[in-house]
Amino acid sequence: GENVEQHPSTLSVQEGDSAVIKCTYSDSASNYFPWYKQELGKRPQLIIDIRSNVGEKKDQRIAVTLNKTAKHFSLHITETQPEDSAVYFCAASTGYNAGNMLTFGGGTRLMVKP
Amino acid sequence: DVKVTQSSRYLVKRTGEKVFLECVQDMDHENMFWYRQDPGLGLRLIYFSYDVKMKEKGDIPEGYSVSREKKERFSLILESASTNQTSMYLCASSLEGFGANEKLFFGSGTQLSVL
C-alpha cells in the first residue's frame, strides 16, 4: 500500500521567514495530494491540494509543488505569521472517490516565533 | 458551513469496556470516516462508509467495528477497549462522486483514554 513520509517533524521559523515541509510517497499511481492544517486543540482543515496533472498551485502565501518523477511534494509558506503555527499533514491517494483512501504523513509541527 | 459533531471531547474508560464513539454530520454527506491520530503517525483510517449500512475497512480496523444506520450518523465501537487504543479519534465526512476523497470535513475529535 501507499506510504507517505513527511519531514521535518518539527520546524521553527522566525516571523516573516519562509517555511517548507516535504513529503514523499511510494505509490506511483497516487494522483491527489492534499494538505491539512490543525491548530492546537482544533480540527484539521484542508488548506490546499494539488492533482498530478499540475506541478504547482498557489493560494496567497501558500503554495504546493509536485514532482511526480521523484514522487515528492512540498508545502511552501511565505512571510510566515504567528497564526501559521499549527501541525500540518500531507496526504496522498490514488483517486478521488472514498474508496481511494487517503494516506497521511506523520505531521509537521510548525512554530512561528514573533 | 458543514458541521461534524463528535459526542464527547474527552472520554475515560477501563480496559475491557465496550466503548461507543458517536459522530453526526449535518450536510447530507454520503461518505463518513473514522481516523485515529497519534503523534508522529499522522492520521490513520480505521473504517469508512459510503452509504447507509455500508462499511469498508481502512488501514487499522482490528479491534474496532462501526455502525451506520442513518446517513447522518456514524458510530465507532471498541468491543473490548485496550490500553493501546488510547488515542485521539477523529470523524470526518465528505460529499460523494468526483472529489469524494477531497475536502474532508473533520469533527473536533474525541480524546479517549483507556486505563
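The values are calculated or read from the model by the stated rules, or taken from the named source; none is laboratory data. Only a predicted model underlies this, so the values are computations on that prediction, with no experimental measurement involved. Here Cβ is always computed from backbone atoms with ideal geometry, including for glycine, and neighbour counts include all displayed protein chains.
Considering every residue within the stretch A:35-44, establish whether at least one is closer than 21 Å to A:L102 by Cα and aliphatic (A, V, I, L, M). No.
Being among the β-branched types (V, I, T), under 14 Å from the mean Cα position of the chain (by Cα), more than 27 Å from A:A92 (Cα to Cα) and modelled with pLDDT of 95 or more holds for only one residue in B:V19, B:V66, B:V12, B:V24, and it is B:V19.
Looking across the stretch B:59-84, the residues that are without any contact (Cβ under 8 Å) to a residue 40 or more places away in the chain and either touching a Gly at 6+ places or on another chain (Cβ under 9 Å) or part of a strand (DSSP E or B) (or both) come down to B:D59, B:Y64, B:S65, B:V66, B:S67, B:R68, B:E69, B:K70, B:N84.
Looking at B:G16, is it at positive phi, touching a residue at least 60 places away in the same chain (Cβ under 8 Å) and surrounded by fewer than 15 Cβ atoms within 10 Å (Cβ to Cβ)? Here the answer is yes, as B:G16 does meet what is asked.
For residues that are among the acidic types (D, E) and in contact with a strand residue (DSSP E or B) (Cβ under 6 Å, 6 or more places away or on another chain), scanning just the stretch A:15-61, find the one that is nearest to B:C91 (Cα to Cα).
Of everything passing the filter in the stretch A:15-61, A:E39 is nearest to B:C91 (Cα to Cα).
The strands (runs of 3 or more DSSP E) falling completely within the stretch A:29-110 that include 2 or more residues that are under 28 Å from B:R9 (Cα atoms) and in contact with a Leu (Cβ under 8 Å, 6 or more places away or on another chain) map to A:32-38, A:45-51, A:86-92. Residues in the stretch A:1-30 that are of a type in the set (D, E, K, R) and modelled with pLDDT of 95 or more: A:E5, A:E15, A:D17, A:K22. If you go through the stretch A:1-59 and keep only what is among the hydroxyl-bearing types (S, T, Y) and more than 10 Å from every other protein chain (Cβ to nearest Cβ), you end up with A:T10, A:S12, A:S18, A:T24, A:Y25, A:S26, A:S28, A:S30, A:S52. Selection of the stretch B:61-71 for residues being crowded, with 17+ Cβ neighbours inside 10 Å and away from chain A (no Cβ under 14 Å) yields only B:Y64.
Residues in the stretch B:18-36 that are outside any loop (DSSP other than H, G, I, E, B) and within 16 Å of B:L78 (Cα to Cα): 9 in all.
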